[in-house]
1. Would you confirm, using the coordinates I've provided, whether residue 209 is within 17 Å of the chain's Cα centre (by Cα) and either open to solvent by 60 Å² or more (accessible area, probe 1.4 Å) or under 30 Å from residue 167 (Cα atoms) (or both)?
2. Out of (1) more than 13 Å from the ligand (Cβ to nearest atom); (2) touching a residue at least 40 places away in the same chain (Cβ under 8 Å); (3) surrounded by fewer than 21 Cβ atoms within 10 Å (Cβ to Cβ); (4) of a type in the set (Val, Ile, Thr), what's the single condition that is false for residue 44?
3. Take residue 68 and tell me if it is within 15 Å of the ligand (Cβ to nearest atom), out of contact with any Asp or Glu (no Cβ under 6 Å at 6 or more places or on another chain), open to solvent by 10 Å² or more (accessible area, probe 1.4 Å) and of a type outside the set (A, V, I, L, M).
4. Yes or no: residue 107 surrounded by fewer than 20 Cβ atoms within 10 Å (Cβ to Cβ) and away from the ligand (no atom under 16 Å from the Cβ)?
5. From the list 251, 275, 184, which one is touching a Gly at 6+ places or on another chain (Cβ under 6 Å) and of a type in the set (Lys, Arg)?
6. For the range 149-192, enumerate the residues that are under 16 Å from the mean Cα position of the chain (by Cα) and more than 26 Å from residue 119 (Cβ to Cβ).
7. Could you check, for the range 281-293, whether at least one of its residues is touching a Gly at 6+ places or on another chain (Cβ under 9 Å) and closer than 20 Å to residue 345 by Cα?
8. Here are some conditions: (1) modelled with pLDDT of 95 or more; (2) over 29 Å from residue 245 (Cβ atoms); (3) of a type in the set (Val, Ile, Thr). Residue 63 meets all but one. Which one does it not meet?
Amino acid sequence: MVSVRGLPILAAILGVASVMPVFSHAEGASAPPVAHKQVSLPRVLVLATGGTISGKADTRSAIGYDAGAVTGEQLIAGVPGVEKLAQLQVEQISNIASQNMNSQVWFKLAERIRQAFANNEVDAVVITHGTDTMEETAFFLDNVIGDARPVILTGAMRPSTAISADGPANMYEAVKVAADPQARGRGVLVVLNDEVQSARGVSKMHTTALQTFHSPNLGPVGYVDPASVRFVAPAKPQQHLDLPVDHTLPRVQIVYAHADMDAQQIDDAVKNGARGIVIAGMGDGNVSTDALAGIERATKSGVIVVRSTRVGNGFVNRDVEVDDDHYGLVASMDLNPQKARILLQLLLANGKTSAADIQKAFSAGF
Ligand code: SIN
């Protein structure tokens, strides 16, 4: 295989990269077998989905930009030295801002990764992604990819055209972690700004700062710089769930709790056909007395209700201020509302319909 050479990002954006010798496949095309010349380097499949890492400046404000304007191929071409880390094969899965990330793209990613591993096409996968929903895509894949080979998500807080864009360094470090044998058996990882986070722990916690990703309950699992990869947490077995064969996930709505809360949003969710509701509760997953009455109506009609928290740090424990046993509720433990929603969707799609079974799966992380 011909390796990718470094190319300044501006040149890449201007289109020079379109002639770069990167293995690339059009969206939806099936991947041909790859011939590898540099046999000693690990084979890393880069799946590009869009996001700010693929963004270009826009004139609407001093920091305005359009996400998903640069291809994965152009991105790689703008990362000097990455060709010394791995043999890269690039595929464009989507080119969207991650506010538009959706379960169809998740299924596409999951199927492609499973296929690449099953056919032994690659040793690891790197996914470029917008930061807004990166934690959700990482967590979804973490729950459905049952393979020890590394799957790493990365992105950027500044577009490729910004002064001091962070995308090239994040991309370099993501490939470095993907190519490192120590990254095996750790589930899906997120690499940005010199830190390695687990899919379960990580959350975006600042609207604009480069150091936006933190794992408030678990801390980073490792650190990376251009010279080294260091893991500070042991590898941990993950639970893996089947991908629904019809590629659909049941409707699960998140309801955000607040002072002066009534049951309207909960009653509406049930009326709209939700099979599950995740409460972004106050404090330890609490809601008002009126909202609790709505929750009781929901569970009595067969809807699974998970109590998570809007706080952003800490665990939601069972039977503290709310009598979960009495109301038949599930406590989210460490999972924030957006991840609790995904786990509940996957469990429902895998035929888990009792609050007790669902609680067991939520508690299994600890
Ligand atoms: C997005 O998530 O696509 C926009 C924000 C970002 O990537 O940082």
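The values are calculated or read from the model by the stated rules, or taken from the named source; none is laboratory data. Owing to the predicted nature of the structure, the values given are computational and were not obtained by experimental measurement. All Cβ positions, glycine included, derive from the backbone under ideal geometry; neighbour counts span all protein chains shown. Only protein heavy atoms, including side chains, enter the accessible area calculation; ligands, DNA and RNA are left aside. Shrake-Rupley method; radii C 1.70, N 1.55, O 1.52, S 1.80 Å.
1. Taking the combined requirement at face value, the residue does not satisfy it.
2. Evaluating residue 44 over (1) more than 13 Å from the ligand (Cβ to nearest atom); (2) touching a residue at least 40 places away in the same chain (Cβ under 8 Å); (3) surrounded by fewer than 21 Cβ atoms within 10 Å (Cβ to Cβ); (4) of a type in the set (Val, Ile, Thr) leaves (3) as the failure.
3. Answer is yes for this residue.
4. yes
5. Exactly one of 251, 275, 184 is touching a Gly at 6+ places or on another chain (Cβ under 6 Å) and of a type in the set (Lys, Arg), namely 251.
6. 155, 156, 157, 170, 192
7. So far as the range 281-293 goes, no, none of its residues is touching a Gly at 6+ places or on another chain (Cβ under 9 Å) and closer than 20 Å to residue 345 by Cα.
8. (1)
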